[in-house]
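Enquirer: Once you've had a glance at the structure underneath, I'll fire off some questions.
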Amino acid sequence: MKYFLKYIVLVLLLSILMLEIILRSFGLSGDTMPTSIVNEDLVNKPYAEGTYIKGGLAEIKGHYVINSQGFNSLKDYSKLTDNKIRIAIIGDSFIEGLQVDVEKSIGRLLEEQMESIEVHEYGRSGSNIVDYGLLYKKYIKGKYDFVFVNLTDKDLIEKLPENMGKLESLTKMNFGRRVYENSYFIRYLNINHGLTSKLNDLINKDFSKSLKTESSFSEKEFFEKVNYQALSLFDSSVIVLYESEKLKQFVKRPFRLKKLQIIHKRLPKDFGFDLHWNLNGRMNCAESIKNYIYEHKK
C-alpha cells in the first residue's frame, strides 16, 4: 500500500510538471492583474500592459493597457479636450473590458462611430453602487457632458465599497503569493477555470439556499434594501445604463436618474461560458450610447 501511494504521488507530480511545461510553452495560463493604490483607491497598476486570458484553451484573450489613473484605457484621463463632447462611463468588469482588446473598448468604438467626442471608461472589476458614487464625486462630477453608470439590481443593494478607499486591500507578496504568481498550473486552475469561486460556491451552497438573492426579493423588500445614500452622490444629469434582465426591480419606479437600456442587436453578445460582453456586446453598448447622445446633445 505504501509503494502504491508513492506511485500515485509520483504520477501526480509528473503530471503537474508536464502541465506546467505545456502551459508555459503555449501561453494558456491567465496572469493575475497587478494592482496598486492610487489616491487611496485600489486600482489596476498604472502603466501595466499584458494579455488577459480565460477559458480552458484560452478562448478569451484581450490586450489591456492600464493608464496612469489605474483604468484599462489608451487614454490619459487627466487630459480633457475642450472642443469635444466629453463622455464618462462608470461600471465594473463589463466596462473595464479586459475580455476584448483595449483598442476595441466601448469608448474607442464610440469614438470611431461619432465625430468630436472623447470617452473615458471608469471600469473596475467587482465595483458596486458605493464605488460608483464615490468615483463620480471624486473624479467625474462637473467635468463631462454625459455620464453613464452601468447598474444592476445587485449593485444597488451593496453597502460597502470594493475598490474606493480600500488601502488595506492591496495584496501582499508573501511566500504563498509568490508561489501562486510563478506557477502557471495553479493560475490556470484558478483564473482560467475559476477554481476558487467554484469551491466557494460549493462550500456555501447549502448556506446560500437559506438566503434570498436580490432577484428573489419582493418589490417592497428590494426597495427597502437599496443604498439610497450611495445613489444620492449622483446628480440628475447621470444616466443609468442597463440591461433589462439585470435591472428588473429598479426600472419599475420613476427615479430622478435618467435611464438608457442597452439594446443587443448583434448576437451572441457574450462568450457563453463567460457572460462578459464580447465584441458584439460592446458594439451594442456603444451604439445604444451613440443613439442617446444624438437625441440629447445640445
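Enquirer: Counting pairs of alpha carbon atoms under 8 Å apart in space and at least six apart in sequence, what relative contact order in percent does the range 81-296 give?
Expert: Averaging sequence separation for qualifying contacts and normalising by length gives 25 percent for the range 81-296.
Enquirer: Name the residue, out of S183, S116, S244, whose mean-square fluctuation peaks in a Gaussian network model built on the chain with Cα pairs under 10 Å.
Expert: Among S183, S116, S244, the largest GNM mean-square fluctuation belongs to S116.
Enquirer: State which stretch of the chain is the longest one without any exposed GluC sites (Glu not before Pro), exposure meaning a DSSP loop state and at most 14 other Cβ atoms within 10 Å.
Expert: 116-244
Enquirer: Can you give me the span-like helices of the chain, meaning DSSP H runs with 20 Å or more of Cα extent along the axis and Kyte-Doolittle mean at or above 0.0?
Expert: The answer, listed by residue number, is 2-26.
Enquirer: Something else about it: Considering only DSSP beta bridges where both residues belong to the chain, give the percentage that are antiparallel (nearest 5).
Expert: The antiparallel proportion sits near 40 percent.
Enquirer: Obtain the nm distance between the two label points defined at E20 and R253 by a simple spin-label model: each point lies 7 Å from its Cα along the Cα-to-C-beta direction.
Expert: 5.6 nm
Enquirer: Computed from the coordinates I sent, Cα extents along the principal axes in Å equals one of [x] 67, 57, 42; [y] 78, 45, 40; [z] 59, 39, 37. Tell me the label.
Expert: [y]
Enquirer: What pairs from K166/K198; K45/K252; K84/K220; K104/K259; K159/K258 go past 32 Å between their alpha carbons?
Expert: Pairs exceeding the cut-off: K45/K252; K84/K220.
Enquirer: Something else now. Over the chain, with a Gaussian network built from C-alpha contacts below 10 Å, which listed residue (H120, H193, H63) shows the highest mean-square fluctuation?
Expert: Maximum among the listed residues: H193.
Enquirer: Does the range 246-298 come out rounded, prolate or oblate by the C-alpha gyration tensor, with a ≥ b ≥ c the root eigenvalues, rounded set by a/c under 1.5 and, if not, prolate when a/b is larger than b/c and oblate if not?
Expert: oblate
Bear in mind that the values in this text are calculations on the coordinates, not laboratory data. Here the structure is a predicted model, which is why all the values come from computation and not from measurement. Don't worry about glycine lacking a Cβ; one is built from the backbone with ideal geometry, like all the others, and counts go over all protein chains shown.
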